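Below: one structure, written as structure tokens.
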Amino acid sequence: MTALAKLTTVELKLLVREPGSMFTVLIPLFILVVFGSSIEPGDTVLLPMALAIAVGLVGLYMVPTTLATYRERGILRRLSTTPLRPLNMLVVQVMMQLVLAVVACGLLLAVGGTVLGARLPGGVGAVAVTFLLGTAAMFSIGLLIAALAANGRSANGIGVLLYFPMAFLAGLMQPANQMPVILARIGEYTPLGAFRQSLQEVWAGGSPSLLLLGVMAAYALVLSAAAARFFRWE
């Protein structure tokens, strides 16, 4: 087994044991089950909202907290003296968090589609593109937080502080059609709002807005570039 494979195996084990991982999986599932009792068969709103909540939690909570904590503890600095290099750790961590997001969303789809009777989308390609762009946008925010935060605790705090206003504007705390028009409109152009709206369009049987897909891609590219510019390995 190569050194990179061993690193991936170790990081996967640590991710499974991390309480925050369970939190990011169970909270969206809890919300889905609690509110799912009141939805009608074929609902196209609740499941996309739950998926956006799950990806948002991973991107704004797990990604920045984990990476900032690793830097704080000197793990990234020590890796610079090995053949692995810190960049490999960064790539592995992002991949592990992506796996976590996929697992959380897969569980939501299984419960929502089979137990609660929510509608499942037919366009696999549209779902995949929307999911990847939305996840990239949310992860780029987490990477930027990790780049700027002094330590794991501050990264955690910043992520939580950003999550709640973003979730509100995105229509995750209150349906967008019940929000003031100006707030709902602004929310569509936030990373989380564009993700939620695009998922809902796919779930309703349509195609995601190219404008909103472009918004998510722009956030991902710009914020990732900023994170790379400001990221400190020690």
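Brief remarks on what is shown
- With the highest mean first, a sort of the peptides 186-195, 138-147 on other beta-carbon atoms found within 10 angstrom per residue produces 138-147, 186-195.
- √(5λ) per eigenvalue of the Cα gyration tensor, the range 4-130, largest first, Å: 34, 14, 11
- Just so you know, the Cα atoms of the range 93-217 work out to an Rg and Dmax of 15.2, 45 Å.
- In percent, rounded to a whole number, the relative contact order of the chain is 28, using alpha-carbon pairs under 8 Å and six or more apart.
- Theoretical FRET efficiency, 1/(1+(r/R0)^6), r = Cβ-Cβ of VAL160 and LYS6, R0 22 Å, to 0.05: 0.10
- Carbon + sulfur, % of accessible area of the range 29-170 - ligands and nucleic acids excluded, 1.4 Å: 72
- The value given for the range 172-234 is a Kirkwood hydrodynamic radius of 13.1 Å, derived from the mean inverse Cα-Cα separation.
- Shown here: the chain, whose C-alpha atoms stretch 56, 37, 30 Å along the first, second and third principal axes, sorted largest to smallest.
- Full-extension gain in nm, VAL33 to ALA204, via 0.36 nm per residue minus C-alpha separation: 59.5 nm
- Helix axis angle, 152-169 relative to the chain longest principal axis, alpha carbon, degrees: 20
- Across the range 124-165, the residues whose backbone nitrogen lies under 19 Å from the label position 7 Å along the beta-carbon direction of ILE182 are 165.
- Accessible area per residue in Å² at 1.4 Å probe, computed on the chain: 48
- Whole-Hz ³J(HN,Hα) from phi, Karplus 6.51 cos²θ - 1.76 cosθ + 1.60, for the range 41-46, glycine and proline x: x, x, 4, 10, 10, 5
The values are calculated or read from the model by the stated rules, or taken from the named source; none is laboratory data. Note that the structure is predicted; figures quoted are calculated from it, not measured. We place every Cβ from the backbone using ideal geometry, glycine too, and count neighbours over all the protein chains shown. Accessible surface areas use protein heavy atoms only, side chains included; no ligands, DNA or RNA. Shrake-Rupley method; radii C 1.70, N 1.55, O 1.52, S 1.80 Å.
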